Structure formats: structure tokens, C-alpha cells
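So the structure is just underneath, and the comments pick up after that.
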Amino acid sequence: MAEDQGDIAVDIDHVTKRYGDFTALADVSLAIRSNEFFTLLGPSGCGKTTLLRCIAGFEDITLGAIRLYGDNIVDLPPNKRPVNTVFQQYALFPHMDVTRNVMFGLLRLGQSEAAARKRAGEVLDLVQLTQFADRLPAQLSGGQQQRVALARALAPNPKVLLLDEPLSALDLKLRQAVRLELQQIQQETGITFIFVTHDQEEALTMSDRIAVISDGRLQQIGTARDIYEEPDNKFVADFIGETNLIDVTVAGIDNGQATCTLPGGNHFTCPAAQGAHSGRGHLSVRPERVSLSDPAQGLLTGTVSRLIYLGTDMHVDITLTDGEVVTARVQNSAGTRIPAMGETIGLNFEAGAARLLID
Amino acid sequence: MAGLGPTGGRAARTYAGRGPLLILPAWVIIGIFLVLPILIMATYSFLTKEFRGGVIWEPTLAAYDQFFFDRGLFGDEQPKIEWTYILIFWRSIWQAGLATLLCLLIGFPTAWFIATRPAHSRTVWLFLITVPYWVNLLIRTISMKFLIRDNGPMNQWLLNAGLIDEPIHIINTNLAVQLGLFYSYLPFMVLPIYAAVERYNFALSEAAADLYASRWVTLTQVIIPVVKPGIIAGCILVFVPSLGAFLAPDLLGGAKNFMIGSLIEEQFKGAAGNWPFGAAAAMILLSMVLIVLIVYARNQDRESA
């Protein structure tokens with residue numbers, strides 16, 4: 001990805017959206033790069049769909065600006081914005097066959113019947129629906145309808161394609177197949193995708209970058225690796241995957257490294273998120289990065305309070321002396337010592353596996 | 001049964017076999033109150049008229065002959081097409097058609113307005129639409145006459161507001177009949193369109209806007225085609241009774257604006273009546289209505305095929 005400013009496709013500039021007293025988006029700023037597969041991730045009601053609808057023009061924003069390749073588009077109605085949307089429930093025109101659905105936008109843009117038909121054929125080929133071109137939407141399966149919706153939105157070759165949880169209505173198997181297809185289509189067409197989902201796995205596997213949103217606020221932006229391995233705050237750490245949040249006292253932060261005291265009194269130095277401060281705080285440690293040892297050698301010690309066998313690995317809950325519970329995922333490989341219930345045990349993790357969060 | 005789910009499936013099995021019995025009351029009612037009267041009317045239309053009303057049981061085509069052909073005063077000239085009744089039919093179709101159009105123009109936005117209100121206030125709006133229909137049709141038609149007459153409240157109001165200089169003459173014109181029909185049958189337009197619009201998925205309008213459609217294109221190419229079944233149902237429900245109406249044309253239209261309903265009504269009234277002719281006119285009206293419905297049904301079949 002190029003880093004220079006000329007490559008910004010969509011610039012969300014201090015956008016606030018209020019409905020009466022309710023703030024759906026609170027001062028959100030983010031820049032989506034050209035040709036990027038960008039995901040807005042968050043729990044339902046967090047404002048991610050609202051943001052997408054603001055870009056499409058279905059909602060007016062209360063404050064701020066939305067720029068598309070430098071042009072402020074907030075005053076343009078949806079039919080004047082060069083972006084297209086794949087709707088959550090597809091919203092295919094039920095009285096038009098597949099080809100007519102795909103041609104709809106092209107005809108509105110003033111293309112001739114013949115040109116629109118030709119382009120529709122190309123796009124249907126791209127989504128492998130050529131043989132269904134004459135069907136009505138009601139005669140297609142959910143997965144096929146989803147691809148028609150995609151074809152219809154891609155046909156006008158928009159500068160930016162907005163996808164509003166397009167996979168949520170599909171069953172698991174299909175969802176996984178369509179993920180790969182979407183990624184492939186994004187790479188082939190070079191169109192900037194803005195993808196909204198509440199499914200972290202979807203976000204992690206498909207996106208170039210992810211913006212995590214909660215309560216109308218932007219929590220963190222980064223690659224899948226960034227937000228999983230270096231979460232900034234408790235929400236991100238907890239929402240993306242599983243994590244242990246360990247109460248610590250931070251003595252000081254120097255050069256991005258926090259010196260803290262763990263429960264039980266051991267001292268520990270680990271990376272801190274930008275903006276973390278000293279005093280009371282939380283460390284995030286992923287369960288799979290926690291290893292078990294003799295009590296004497298552990299950074300933390302506690303007793304095994306729960307064991308769940310999961311096949312490839314084992315989920316072990318350890319209750320620390322202060323009552324906090326830390327979870328470890330132990331690989332079920334040859335030679336692994338399986339702890340017993342009630343056993344006193346030590347817990348270890350590397351400095352790189354822990355991160356002091358912004359509280 | 002597809003889509004009913006397990007409960008629907010079980011219910012269907014439980015009641016299987018009782019189907020014929022359950023449908024019996026419907027058949028009895030349709031038989032006694034629909035099929036039988038039509039058969040009687042069809043029979044009467046082929047009988048000879050009795051001068052003080054009633055019929056003589058002698059089969060003849062005289063009634064239909066009288067409707068379509070003019071054989072001169074003594075019935076011995078070369079038959080010519082008799083235009084009087086055909087014109088009355090044509091005027092009825094025209095009047096009913098305009099009334100339907102008027103109902104559609106007012107009814108569609110009304111139905112759209114109601115269907116886009118919050119769920120709880122829709123019931124209130126629908127209720128308000130039906131309130132005038134608790135009053136007898138005759139009373140309503142007569143009040144319409146008072147409302148629109150030359151020195152009635154409508155003209156008074158327009159005069160006082162300075163919108164017109166002299167009263168608009170509406171009473172005893174075609175327009176009065178159309179207004180009367182419009183007022184009589186508006187809810188039959190509003191309700192089916194409301195039902196269709198309520199099911200309309202507004203994401204379709206967003207999709208159209210997203211694909212560069214103006215509001216007008218969205219209305220004509222997406223909304224109207226999708227709610228079309230409701231529009232057609234409404235048009236049929238207004239057009240068919242308007243075609244046979246006799247109260248509005250009688251009370252509001254005056255002698256010049258005679259419609260089929262009045263023609264038929266007269267044949268069964270008093271000594272001047274002619275039952276076979278009235279029955280024949282009614283049968284011709286019925287056939288026309290059936291043709292409209294069959295054409296519509298065929299259209300539907302072709303679209304869903």
C-alpha cells in the first residue's frame with residue numbers, strides 16, 4: 001500500500017452523526033486508501049453501518065466532512081455519489097431478471113441498452129452467474145442472490161464499493177467460500193472495498209486494514225496482525241479473539257516499555273500501547289501465549305479451577321490468589337503435561353506476548 | 001405447503017381430509033347468492049317481457065336484439081346498429097375509468113403516506129379512512145350533491161377565498177359523477193395499495209438511488225412495478241362497482257349523464273320496466289367485467305411464468 005496522501009480514496013474527517021440525543025458516530029476520523037480492502041468491525045449497534053450509510057448518502061452527517069478522492073460529497077444525494085453498495089439483504093429488484101438488475105445502474109448512467117447488456121455480461125461472468133442471467137431473483141439461492149447484488153454494484157465500476165454485512169445471511173460453508181471470492185474480485189478489479197461486519201474472523205481473514213468501532217467511536221485502526229497482537233485498549237483486546245486482562249500497577253513507561261507489578265508481586269516489563277499511563281492498568285495476554293510451569297518458576301501462581309478438553313488443545317482456567325482468573329490454551333501435543341484440577345501451578349508469558357492497554 | 005415450517009405441515013396433515021367439508025359453507029353461499037341469481041338473470045334475459053313487469057316463459061332473443069339493433073318502429077326494417085345503449089355503455093366505461101384514475105391519483109399517495117407512518121399510527125389512519133363509509137351510500141351521495149352545488153359550501157368557500165369569481169357549475173355534469181364515484185369507492189383503492197406498500201422493502205428505493213436513479217425513475221421503475229399487484233387490485237375494486245353504479249349518476253349526473261346502472265335499474269322499476277331487457281343489459285355488463293378480469297388474470301400468469 002502506498003502511504004502518500006494522494007492515494008486516499010475516502011477521507012472520513014471528524015464525522016459526527018446524532019439522532020436526537022443519541023450519538024451514533026462521535027468524531028470519527030479515518031482515511032481509507034485507494035485499492036484497499038478496508039473493514040469496519042464492531043458489535044451490532046456500534047455505528048459501523050451508520051458510517052457506511054453516511055458514505056453512501058442514505059444518512060446526512062451532523063458534523064464533519066466525507067471526501068471522496070479529495071471532493072467533499074456530504075451535500076450530494078446518493079444517486080450523485082460515485083460509490084455503490086452491496087446491501088445486507090441484497091435488495092435486488094424482484095421484478096427484473098438478473099441481467100436487468102445488473103444493467104440498472106449502467107442505464108441510469110446513460111449507457112446504451114447494448115453497452116449496458118455487454119457490461120452486465122462481463123460482470124456476471126466475473127461472479128460466475130452467466131447461466132442464471134435470465135432468472136428472477138426469487139428463483140436464485142441466497143448465495144446466488146448475493147453474487148447478483150455484488151455484480152450489480154460492481155457493474156458501474158464505482159470508485160468505492162460499500163459492502164454492508166453482505167455475508168451475514170449465508171450459511172457458514174458458503175460464507176467461507178464467498179470470502180475468498182470477494183477478496184479475489186477485489187484484487188482483480190482494484191476497486192476500494194469498504195466492508196462492514198461484526199464477525200471478527202471475517203474481518204481478520206479478508207482485510208488489508210481494519211477499523212474497530214464501538215459505541216460510535218473509533219477504537220483502533222490497523223492490519224489484522226496489528227489489532228490482534230497490539231490492541232490499544234480493553235475493548236479491542238477483548239472483542240478481537242480471546243484475551244486475559246491482568247490487573248497491574250504501572251510504575252512508569254519509558255520508550256514504549258512499561259514497568260509493572262503483577263498480582264503476587266513479581267515485576268515485569270512489556271510494551272505499552274501509545275497513550276497508556278502509569279498507575280493502575282491492565283495487561284492483555286492471549287491465552288495461547290500463556291504457558292504453564294512449576295509454581296516456583298511462574299510469573300503468576302494460582303490453582304487450576306477449570307479444565308476443558310477441546311481436542312487440538314486444552315482450555316485451562318487458573319484462579320490466582322487474589323481471585324482473578326487467567327486462561328491458558330495448552331497445545332495437546334506429545335509430551336505436554338496436562339495439569340490436574342486443584343493443582344497449584346505457575347504461569348509464564350514472554351514480554352512480547354503482553355501489552356499494557358490504554359485504560 | 002412450502003415455507004410453512006413444521007407447525008404448518010402438521011396442521012395441514014391434521015386437517016387433511018376435512019378440506020371438502022370445511023369449504024362447504026363457502027360453496028353454499030356462492031351457490032345461493034352468486035351462481036343462482038346469475039343463472040336466473042341469464043334465463044330472464046332470454047324470455048319475453050310481460051308488460052306490467054315480470055316475464056312470460058317464451059324463449060326469445062328480443063332483449064339482446066333491442067340492445068344492439070334498431071329495426072325501426074315496427075321491427076320490420078333492415079336491422080341497423082342501435083347506438084343508444086352502446087353509447088351508454090361507452091359513457092359508463094369512460095366515467096368509471098376516470099373515477100378509477102382519480103381514485104388512483106389520490107389513493108396512491110394516501111396509501112403511501114399511511115404505510116410510511118410508524119406502526120401504531122397506521123391503524124388510526126386506516127380507521128379514519130373508513131369512517132365516512134359507516135354512513136349509508138345514498139346519504140353520502142346526497143351530501144355530495146349539497147357540497148358541490150352552485151351555492152353550496154364548496155363554491156362559497158372558493159368564492160370567499162377569492163379563488164374564483166363565479167360558482168363553478170359541477171352538479172349534473174360528468175365531473176360530478178366522477179367525483180361521486182371517487183368518493184364512493186376511494187377506500188377500495190387505498191386499502192389494497194396500502195397492503196402492497198406496507199410490504200414494500202424500502203431498501204429497494206435505496207438500492208435504486210445508490211445505482212444513480214432519480215426519485216422519478218425510482219418511482220416509475222422500481223416502486224410502481226413492485227407494488228403493481230396492489231394498484232391493479234385497487235383499480236379493479238374501484239372500476240367494477242363504478243361501472244354498474246346508479247346512485248352517483250342518478251343523483252349527481254342528471255338525465256344527460258345516464259350510466260348502465262341507471263339503465264338496468266329503470267328496467268326493473270314500475271310499469272315502464274322491461275325485465276328481459278334489464279337482465280340482458282346486466283349480462284352484457286357482467287361479460288365485460290369478466291373479460292377485464294380474465295385479461296388481468298392472464299397477464300398475471302404470464303408474468304409469474
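The values are calculated or read from the model by the stated rules, or taken from the named source; none is laboratory data. Keep in mind it's a predicted model, so treat the numbers as computed, not measured. Virtual Cβ from ideal backbone geometry, glycine too; neighbours counted across all protein chains shown. Heads up: the accessible areas ignore ligands, DNA and RNA and are worked out on the full protein's heavy atoms, side chains in. Shrake-Rupley method; radii C 1.70, N 1.55, O 1.52, S 1.80 Å.
Per the Debye formula on identical point scatterers at the alpha carbon atoms of segment A:101-143, with no solvent, log10 I(q)/I(0) at q = 0.14, 0.31 Å⁻¹ is -0.33, -1.10. Length gained on full extension, B:Trp57 to B:Ala26: 8.0 nm, using 0.36 nm per residue less the C-alpha separation.
Taking the square roots of five times each eigenvalue of the Cα gyration tensor of segment B:201-241, the equivalent ellipsoid has semi-axes of 27, 9, 5 Å, listed largest first. Projecting the Cα atoms of A:Val98, A:Cys270, A:Ile55 onto the charge dipole of chain A (Cβ charges, centred on the Cα centre) puts A:Val98 farthest toward the positive pole. Size check on segment B:117-207: the Cα extents along the three principal axes, sorted descending, read 49, 31, 25 Å. Each eigenvalue of the Cα gyration tensor of segment A:117-258, multiplied by 5 and square-rooted, gives one semi-axis; in descending order these are 39, 15, 11 Å.
For the chain pair A and B, the buried solvent-accessible surface (1.4 Å probe, both sides summed) amounts to about 1800 Å². Applying 1/(1 + (r/R0)^6) with r as the Cβ-Cβ distance of B:Arg199 and B:Val131 and R0 = 30 angstrom yields a FRET efficiency of 0.75. Accessible surface calculations at 1.4 Å, restricted to protein heavy atoms, place segment B:89-304 at 50 Å² per residue. Note on A:58-65: average number of Cβ atoms from other chains within 10 Å of each residue's Cβ is 1. Only helical runs count toward this figure. For chain B, summing -39,500 (n - 2.57) over DSSP H runs of n ≥ 4 and dividing by all residues gives -21500 deg cm²/dmol at 222 nm.
Please list, or write none, the lysines whose alpha carbon is within less than 22 Å of the alpha carbon of A:Lys118, excluding same-chain residues fewer than 8 places away. The reachable lysines, counting only those whose Cα sits under 22 Å from A:Lys118, are A:Lys159. With 10 Å bins beginning at zero, the pair-distance distribution over Cα atoms of segment B:194-299 amounts to 13, 28, 23, 18, 12, 5, 1 %. Straight-line reach from A:Lys173: taking Cα to Cα under 29 Å and skipping same-chain neighbours fewer than 8 places apart, the lysines in range are A:Lys48. Averaging 1/r over every pair of different alpha carbons in the protein assembly as shown and inverting the result gives a Kirkwood radius of 32.0 Å. Charge dipole (Cα centre; +1 on Lys/Arg Cβ, -1 on Asp/Glu Cβ; no other charges) of segment B:89-304 amounts to roughly 220 debye. Pairwise Cα distances in segment A:5-229 exceed 22 Å in 50 percent of cases. Within 10 Å of the Cβ of each residue in A:69-81, the mean number of Cβ atoms contributed by other protein chains is 2. A Cβ-based charge dipole, computed about the Cα centre of segment B:131-239 with Lys and Arg at +1 and Asp and Glu at -1, lands at about 300 debye. On a per residue basis, segment A:195-277 carries 44 Å² of accessible surface, using protein heavy atoms and a 1.4 Å probe. Legend: helices of chain B (whole DSSP H runs) are marked when their alpha-carbon atoms reach 20 angstrom or more along the helix axis and their mean Kyte-Doolittle hydropathy is at least -0.5; marked are B:83-115, B:174-199, B:224-244, B:275-304.
Positive-end ranking of A:Leu292, A:Val10, A:Ala328 along the dipole of chain A, with charges on Cβ about the Cα centre, is headed by A:Val10. Here the accessible area is traced with a 1.4 Å probe on the protein chains. For segment B:12-161, carbon and sulfur cover 73 percent of it.
Taking the Cα centre of chain A as origin and assigning +1 to Lys and Arg Cβ atoms and -1 to Asp and Glu Cβ atoms, the resulting dipole is close to 1100 debye. Using the Kyte-Doolittle scale, find the helices of chain A whose mean hydropathy is at least -1.0 and whose Cα atoms extend 15 Å or more along the helix's long axis, counting only whole DSSP H runs. Both cut-offs are met by A:98-108, A:113-126, A:142-154, A:172-189. At q = 0.09 Å⁻¹, what is the base-10 log of I(q)/I(0) for segment B:89-304 according to the Debye formula with one equal point scatterer per Cα and no solvent? Please give it to two decimals. The Cα Debye sum returns log10 ratios of -0.46. Remark on segment A:236-359: Rg and Dmax equal 14.4, 42 Å (Cα only).
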